[in-house]
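Colleague: Structure in structure tokens, see below.
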Amino acid sequence: EKLFHSRDHSDIELPTSHRAEVIVDEVTAKQFLEKYGFTNPVKWDEKHYEQEESFIDANRAPKDILSLIQEGTFASRSSGESDAENPLQKPQYMKALKEFQKAYNLPITGVLDDATKAVMNKPRCGVPDKKADLNNTIDNTTTSITNETLDNRTAQVERQASYSAGTRQKR
Amino acid sequence: SLEMLLFRGRKKRSEGDTPSISGQMAFSKTVLKWRLIGEGYSSQLSIDDQRYVFRLAFRMWSEVSPLLFEEDNTSPLSMIDIRLGFGTGRHLGCAQTFDGAGREFAHAWQLGDIHFDDDEHFTAPSNDNGISLLKVAVHEIGHVLGLPHIYRTGSIMQPSYIPQNSGFEIDWLDRKSVQELYGKCAGPFNAVFDWVRKERTVYGEVVVRFNTYFFRKNWYWLYENRNNRTRYGDPIAIQVGWHGIPSDGIDAFVHVWTWRIDATYFFKGTQYWRYDSDSDQAYAEDSEGNKYPRLISEGFPGIPSPINTAFYDRRDYRVYFFKDSLVYAFDVNKNQKVNGFPQLITDAFPAVIPNDHPISNLDAAFFSYSYNSIFFFKGTYFWKVVNDRDKQLNSSLAYNSLLPRQNIGDQWFDICNVHSSVLRM
């Protein structure tokens, strides 16, 4: 339970600044697609470790370090275009949005519809969905086919055994 | 040291012995140290709860891969492979800022750190509300081990959080993914056996059940034949699951089952114990007045000890005891050693393919009701003894001959150790 000091618990009410920005329009959706690698792959690991090395350099003035961190945030990945018009009209964003919809088994409309916004607003892991992962989707499909073959064999063997196996299903 | 680790990881894979998924990196050692960083405790759960959840999360990955995880709160930080911590907004010197309550709940850096957004409502496994810290931890550890996001229903590596109404486990394909990076679990066993029990249904009918067990040192697994995996949560300590028998180093399990006799025995060293399957504990004294443990030489005259392993063959009502390169046969109806034994194992159980034979010092031998076959185990291999069905398919096969060896891990999957510090979880 979170600690509170005022009787009405108001001091544990999360300030709006502590709430994640909700994906409501094309601009926030565009930033989402950029952040999680749907526009172009995010180099996740090298960036982190570079940071750590420079962070360790004790001679740097804290201000420099802070600016370094500022440098490193991925939100600055945008291409510098103005976002006033619908950014998702751009071909690369439309393509990215379709890839996102395909990856999450959504209707591939290329439009920021409610279903897409709902998935974008779900709690999720912060590791970007790199391009390679999307290829992964295809791989696993083939793997799962192999698995069915195995399952069939197993089912057959199980049927041969005239005994039933009592087991504890939950951990 | 991190550079070296990365280099070695990459170098090792380039040598091809650690295949990877689309270029993912992998640790090049099997025992990994982790620590919940002191500055990064969550404000929502007790520290014990947090550490318990992480211990369980790491254990779950151990149960499906050759990796062992050890919590280490004393070594220098540079010696810690995986560091976990909670933070909000700008946290722990990380380049990626958390976004507050909602959406991003955690992230991980390959071969390194895991950060949890403490603005999220993380809950312990026993609580169905909020975001399960266990599930998120297992997901993020998957990243640290080198797994990418996988969009497959049922995968723990799905990017979006899927509330779970009951306990979740690492499924078959996720197991194969991590084993692609780190290889399969392999290793010798002390004993392998099918334990048969009689139970009565609510209608009073007697039902005969069996389960397959794998014993190794002082822990064991129940293997669910139907699901091709060990029971969730195994291995557990032998002491926990079996009562009155030695807690480690079991040499053999024998179930003598005839019209007249139904007796289960455990062997270790020069002694053996009779197990009461109905009350699930060893006899101190059985109905014939025999006190246990008993000397093997008393109960099975003519049989030397200690033995390597033994099994009961229902076809000829004999127990076969194996010691070094010899095999002894014991007739359970006559209660005496069979003339003509001992024989060389290579003579009594000849190899179908020349030289493809365990020769001596078997680890285990058992009759499997699932496969209706006898198997010999040694190291990471097993040999199947030709049974009637094999002879029907190929009449030239000699009785009791051994078919070519196969990897144990290719038939019995994911029998994996866990670190001794989490054995009793």
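Any read-out appearing in this document is the output of simple, stated calculations on the displayed coordinates, not a laboratory observation. What you are looking at is a predicted structure, and each value in this text was computed from that prediction instead of being measured. No Cβ is skipped: glycine too gets one built from the backbone with ideal geometry, and neighbour counts run over all protein chains shown.
Colleague: Could you work out how far the C-alpha centroid of segment B:312-375 sits from that of segment B:189-205, in angstrom?
Modeller: Here the answer is 24 Å between Cα centres.
Colleague: Something else: So which GluC sites (Glu not before Pro) in segment B:184-293 pass both tests, a DSSP loop state and at most 10 other Cβ atoms within 10 Å of the Cβ? Before the final figure, lay out each step's value.
Modeller: Numbers: sites: B:199, B:205, B:224, B:285, B:288; in loops: B:205, B:288.
Here the GluC sites (Glu not before Pro) that fit, given the DSSP loop and packing criteria, are B:205, B:288.
Colleague: Tell me the mean residue ellipticity at 222 nm calculated for chain B from its helices only (DSSP H runs of n ≥ 4, each -39500 (n - 2.57), averaged over every residue, nearest 500).
Modeller: Helix-only estimate at 222 nm: -4500 deg cm²/dmol.
Colleague: Now, a different point. So which trypsin sites (Lys or Arg not before Pro) in segment B:77-129 are both in a DSSP loop and have at most 14 other Cβ atoms within 10 Å of their Cβ? Please report the intermediate quantities before stating the final value.
Modeller: Details: sites: B:83, B:90, B:103; in loops: B:90, B:103.
Qualifying residues, ordered by number: B:90.
Colleague: Rg/Rh for chain B to two decimals, with Rh computed the Kirkwood way over all alpha-carbon pairs.
Modeller: Working: Rg = 25.3 Å, Rh = 24.2 Å.
We get a ratio of 1.05 for chain B.
Colleague: Let me ask something additional. For segment B:172-224, what is the charge dipole size about the Cα centre, in debye to the nearest 20, if Lys and Arg each add +1 at the Cβ and Asp and Glu each add -1 at the Cβ?
Modeller: On the way: 9 positive and 6 negative charges, 35 e Å.
Dipole size: approximately 160 debye.
Colleague: Any chance you could count the Lys pairs in segment B:275-425 whose alpha carbons are under 26 Å apart, treating pairs 8 or more apart or on different chains as valid?
Modeller: The number of close lysine pairs in segment B:275-425 is 10.
Colleague: Residues with amide H under 5 Å of residue B:131's amide H, sequence separation 5 or more or different chain, H placed in the peptide plane at 1.01 Å from N; which?
Modeller: Counting only residues 5 or more places away or on other chains, the set is B:121, B:122, B:123.
Colleague: Considering Cα pairs under 8 angstrom that are at least six residues apart, work out the relative contact order of chain B and quote it in whole percent. List each step's numbers first, then the result.
Modeller: Numbers: 881 pairs, mean separation 54.8, N = 425.
Relative contact order comes out at 13 percent.
Colleague: Taking K and R as +1 and D and E as -1, what net charge do the other residues with C-beta under 14 Å from the C-beta of residue A:117 add up to? Please report the intermediate quantities before stating the final value.
Modeller: Numbers: positive: A:30, A:122, A:124, B:103; negative: A:21, A:25, A:26, A:113, A:114.
Counting the neighbours of residue A:117, the net charge comes to -1.
Colleague: Where Lys and Arg each count +1 and Asp and Glu each count -1, what net charge lies around residue B:89 among other residues with Cβ under 14 Å from its Cβ?
Modeller: Values: positive: A:19, B:90, B:103; negative: A:21, B:99, B:104, B:117, B:118, B:119, B:120.
It works out to a net charge of -4.
Colleague: Using all C-alpha to C-alpha distances in segment B:121-189, build P(r) with 10 Å bins and read off the rounded percent in each one.
Modeller: 19, 48, 25, 8, 0
Colleague: Using Cβ contacts closer than 10 Å as the measure, can you line up B:325, B:126 from fewest to most?
Modeller: Values: B:325 17, B:126 7.
Exposure proxy ranking, most exposed first: B:126, B:325.
Colleague: Same structure, new question: Using the Cα gyration tensor of segment B:227-274, with a ≥ b ≥ c the square roots of its eigenvalues, what is the shape: rounded (a/c below 1.5), prolate (a/b larger than b/c) or oblate (neither)? Don't jump to the answer; show the numbers that get you there.
Modeller: On the way: a/c = 2.50, a/b = 1.35, b/c = 1.85.
Oblate shape, in that a/c is at least 1.5 and b/c is the bigger or equal ratio.
Colleague: For each of B:322, B:367, count neighbouring Cβ atoms within 10 Å of the residue's Cβ, then give the residues from fewest to most. Don't skip to the end; give the middle numbers.
Modeller: Working: B:322 27, B:367 20.
Placing the least packed residue first, the sequence is B:367, B:322.
Colleague: Further, regarding this structure: Tell me which residues come under 5 Å, amide H to amide H, from residue B:374 once H is placed; ignore anything under 5 positions away on its chain.
Modeller: B:368, B:385
Colleague: What is the fewest-to-most order of B:250, B:47, B:131, B:374 by other Cβ atoms lying within 10 Å of their Cβ? Intermediate results must be reported in sequence, preceding the final value.
Modeller: On the way: B:250 26, B:47 11, B:131 18, B:374 23.
Ascending Cβ contact count within 10 Å gives the list B:47, B:131, B:374, B:250.
Colleague: Next question. Putting +1 on Lys and Arg Cβ atoms and -1 on Asp and Glu Cβ atoms, find which of B:354, B:84, B:266 reaches farthest to the positive end of the dipole of chain B.
Modeller: B:354
Colleague: Then there is this: Shielding of B:296-305 by partners, i.e. mean partner chain Cβ atoms within 10 Å per residue? Write out the running numbers ahead of the final one.
Modeller: On the way: counts 0, 0, 0, 0, 0, 0, 0, 0, 0, 0.
That average works out to 0.
Colleague: Another question, if that's okay. Of all beta bridges DSSP finds with both residues in chain B, what is the antiparallel percent, to the nearest 5? Intermediate values should be presented prior to the final figure.
Modeller: Numbers: 65 of 80 bridges.
Counting only bridges with both partners in chain B, antiparallel ones make up about 80 percent.
Colleague: Would you mind computing Rg(Cα) / (2.2 N^0.38 Å) for segment B:250-325, counting N as its residues? Walk me through the intermediate numbers first.
Modeller: Values: Rg = 12.0 Å, N = 76, 2.2 N^0.38 = 11.4 Å.
Cα-based Rg divided by the globular estimate yields 1.05.
Colleague: Continuing with the same structure: Please give, to one decimal in nm, the separation of the simple spin-label points placed at residue B:355 and residue B:162, each 7 Å out from Cα toward the Cβ.
Modeller: The answer from the label model is 5.0 nm.
Colleague: Please compute, for peptide B:90-96, the average count of beta-carbon atoms on other protein chains lying within 10 Å of each residue's beta-carbon.
Modeller: Details: counts 3, 0, 0, 7, 7, 15, 12.
Rounded to a whole number, the mean comes out at 6.
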